[in-house]
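The values are calculated or read from the model by the stated rules, or taken from the named source; none is laboratory data. Predicted model, so just to flag it, every value in this text is computed and none were measured. Backbone-built Cβ (ideal geometry, glycine too); neighbour counts: all protein chains shown.
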Amino acid sequence: MLLHHQFIRMAKQNASKTAIIDKTTGKSVTYSRALIGALILATKFKKYEKGFIGIMIPTSAGAALATAGALMSGRMPVMINYSTGAEANARYAQKKCRFSTIITSRSLLEKINCPLVEGMVMIEDIMDGVTTGDKLKAALKTKLPLGMLLKSVSRGSEDDTAAMLFTSGSEKDPKAVPLSHRNLIANIESFSNYLGISGEDTLLANLVFYHIFGLTVNLWVAFYHGMTMVTYANPLDFQKISTIAREEKPTIMVGTPSFFWGYLNKSEPGDFNSLRLMVAGADKCPDALRDGYMKKHGVSLLEGYGATETSPVISVNSVEFNRPGSTGKVIPGIQIRIESLDTGEECKVGETGKILVKGPSVMKGYYDDPQQTTEVLSDGWYNTGDMGYFDADGYLWHAGRFKRFTKVGGEMVSLVKVENIMEKYLHHGVSCCVVEVPDDKKGSYIVAAVSAEVNKTEILRRMMADLPSIALPRQFVVIENLPMMGAGKINFRTVTKMVREMINETGFAG
């Protein structure tokens, strides 16, 4: 099965059903109209070089149909991050994947002040060039029997690349991750069956499509099942998202904890009470956030875990099986091995080790990077770089990135655990990021970056009950706007750099 073929099947079956409610433009598109639009774009895209084609359009009907149209034209969409460093990201993608054409939007470039990069084509110009003949031709094509219609668009193998994404680059330069139709479909089918997702659901799609969380769980899950997708281009417009949820009554919504904090703070009680599935991922979900949604909206905020390289969902809590604090049970079809750092043996229940993942949604390897691939893939097992453990009931608990463990006084300390403990004692709305600062004389020590002034003495006193003294921050620094990545999680790499520079300037040595 191919993703764009499944979209065509759903569009034929649900011709009069609303496919996309685009809250940015105020327009709604039926599946019949969506199919016509995607076929027109597929025809237009055929004039560009074969192979990869860049997509750099905010979450919208246009972005969804351009992505589907690219596949229908036989091109492989390269999803480009426009939220931070759009020009550099566009050039990086072109160079890495060796292509030139990027479908983007003039209004986006103006809004983010991004200069024109060679190879950029404006979606507005493409749409202005659509003739009545183009529309009639596409409309007539949609009337063909399903088999003939599928033969009229690109065919191929389930192992063909369905999307090229880039890792967040929170620790080093982004890696190019080619995900196949097989990878994405296996993931969608698995978590859909586990969570009971169907075409009857309405999805609030507010995440960016250049991040795997948004691409799979906002775009393709909706088209795969033939559900209605409510799109909005700016996930940071907390007030507007809350209003959309109240008006459109979606049943499914996913996001990052930082986004969910914003919606919680800006929403009115009950705005989100139509949701039967609300899932937080991409970062640790604090208890206070879960409590906030239950108190204000009567909705259980569930936590899940995934990675770009796994298409993305690995584990997720469900309404039936929910253990707050854990990342839930592993979805069907995925195998997980928790491996000891010291011995390489499989860890016992409750014992923290490296999280390795195997299954049909795991990528085949990084694009044009055999060295990085061999570092993370062995015999089909993908080393996530994360640490975690299983409890006695089979729930997976995430203990943080391996790179977010540090040795202090000869002991391994999880910076994520320190953050989790600290979050319990911070005032509402204050964020934190805990980093390690090397010191040649006294050894590494821990520094907490917080988004507002806090009572350090009181927080440390309370943290002492949960952590050994070596794991307590030796210093606090205030960074009002903690750097975020486009996907909505704190950029640990940038914060670490900022903290170390601040400390070098002040001469603090612990």
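Please go through the range 83-100 and pick out each residue that is within 25 Å of residue 311 (Cβ to Cβ), at pLDDT 95 or above and part of a loop (DSSP other than H, G, I, E, B). 98, 99 - these are the residues of the range 83-100 that are within 25 Å of residue 311 (Cβ to Cβ), at pLDDT 95 or above and part of a loop (DSSP other than H, G, I, E, B).
For the structure I just gave you, tell me whether residue 69 is in a helix (DSSP H, G or I) and within 25 Å of the chain's Cα centre (by Cα). Yes; evaluated as a whole, the condition is true for this residue. Filtered by the rule that a residue be in contact (Cβ under 8 Å) with a residue 60 or more places away in the chain and either of a type in the set (Gly, Ala, Ser) or assigned to a strand (DSSP E or B) (or both), the range 401-410 gives 401, 408, 409. All of (1) of a type outside the set (Asp, Glu); (2) under 29 Å from residue 167 (Cα atoms); (3) at pLDDT 85 or above; (4) crowded, with 20+ Cβ neighbours inside 10 Å hold for residue 479 with one exception: (4).
For the range 285-300, the criterion of a residue being free of Cβ contacts under 8 Å to residues at least 40 places away in the same chain, among the aromatic types (Phe, Trp, Tyr) and not in a helix (DSSP H, G or I) is satisfied by no position. A residue that is farther than 30 Å from residue 385 by Cβ, part of a loop (DSSP other than H, G, I, E, B) and not hydrophobic (A, V, I, L, M, F, W, C) occurs somewhere in the range 208-227. Looking at (1) in a helix (DSSP H, G or I); (2) of a type outside the set (Asp, Glu); (3) under 23 Å from residue 83 (Cα atoms); (4) out of contact with any helix residue (DSSP H, G or I) (no Cβ under 7 Å at 6 or more places or on another chain), which one does residue 233 not meet, given that it meets all the others? Every listed condition holds for residue 233 apart from (1). Within the range 388-432, the set of residues being within 19 Å of residue 327 (Cβ to Cβ) and basic (Lys, Arg) comprises 401, 403, 404, 417, 424.
Would you check if there is a residue in the range 483-501 being buried (at least 21 other Cβ atoms within 10 Å of the Cβ), among the aliphatic types (A, V, I, L, M) and touching a helix residue (DSSP H, G or I) at 6+ places or on another chain (Cβ under 8 Å)? Yes; the residues of the range 483-501 include at least one that is buried (at least 21 other Cβ atoms within 10 Å of the Cβ), among the aliphatic types (A, V, I, L, M) and touching a helix residue (DSSP H, G or I) at 6+ places or on another chain (Cβ under 8 Å).
Taking the criterion of being part of a loop (DSSP other than H, G, I, E, B) and either among the hydroxyl-bearing types (Ser, Thr, Tyr) or loosely packed, with under 15 Cβ neighbours inside 10 Å (or both), the residues of the range 130-155 that qualify are 131, 143, 144, 145, 154, 155. Looking at (1) farther than 21 Å from residue 292 by Cα; (2) touching an Asp or Glu at 6+ places or on another chain (Cβ under 7 Å), find the lone condition where residue 418 falls short. So the condition that residue 418 fails would be (2). Of the listed requirements (1) in a strand (DSSP E or B); (2) touching a residue at least 24 places away in the same chain (Cβ under 8 Å); (3) of a type in the set (Gly, Ala, Ser); (4) more than 21 Å from residue 185 (Cβ to Cβ), residue 37 misses just one: (1). Among all residues of the range 451-461, there is at least one that is acidic (Asp, Glu), in a loop (DSSP other than H, G, I, E, B) and either in contact with a strand residue (DSSP E or B) (Cβ under 7 Å, 6 or more places away or on another chain) or over 20 Å from residue 424 (Cα atoms) (or both). Residues that are in contact with a Lys or Arg (Cβ under 9 Å, 6 or more places away or on another chain), surrounded by fewer than 14 Cβ atoms within 10 Å (Cβ to Cβ) and without any contact (Cβ under 8 Å) to a residue 60 or more places away in the chain within the range 380-393 comprise just one, 380.
Would you mind stating whether residue 264 is in contact with a Lys or Arg (Cβ under 8 Å, 6 or more places away or on another chain), more than 18 Å from residue 213 (Cβ to Cβ), modelled with pLDDT of 95 or more and among the aliphatic types (A, V, I, L, M)? So residue 264 passes the test. What is the residue count in the range 223-236 for residues that are modelled with pLDDT of 95 or more and farther than 13 Å from residue 22 by Cβ? Within the range 223-236, residues that are modelled with pLDDT of 95 or more and farther than 13 Å from residue 22 by Cβ number 5.
Within the range 267-299, the only residue that satisfies the criterion of being touching a Pro at 6+ places or on another chain (Cβ under 9 Å), of a type in the set (A, V, I, L, M, F, W, C), over 19 Å from residue 234 (Cα atoms) and modelled with pLDDT of 95 or more is 275.
With the structure loaded, tell me whether residue 454 is buried (at least 20 other Cβ atoms within 10 Å of the Cβ) and either out of contact with any Lys or Arg (no Cβ under 6 Å at 6 or more places or on another chain) or modelled with pLDDT of 80 or more (or both) or whether it fails that test.
When the stated conditions are applied, residue 454 does not pass them.
Screening 109, 116 for residues that are in a helix (DSSP H, G or I), over 16 Å from residue 47 (Cβ atoms) and free of Cβ contacts under 8 Å to residues at least 24 places away in the same chain leaves exactly one candidate, 109.
Considering each of 252, 241 in turn, give the residue that is surrounded by 20 or more Cβ atoms within 10 Å (Cβ to Cβ) and touching an Asp or Glu at 6+ places or on another chain (Cβ under 6 Å).
Values: 241 fails: touching an Asp or Glu at 6+ places or on another chain (Cβ under 6 Å).
None of the other options fit; the residue is 252.
When the residues of the range 416-450 are narrowed to those that are in a loop (DSSP other than H, G, I, E, B) and hydroxyl-bearing (Ser, Thr, Tyr), which ends up surrounded by the most Cβ atoms within 10 Å (Cβ to Cβ)? Quick ask: steps written out before the conclusion?
If we filter the range 416-450 for residues that are in a loop (DSSP other than H, G, I, E, B), which is where we start, we get 424-431, 438-444.
Retained after the next criterion (residues that are hydroxyl-bearing (Ser, Thr, Tyr)): 425, 431, 444.
Numbers: 425: 17, 431: 21, 444: 16.
Taking the candidates together, the pick is 431.
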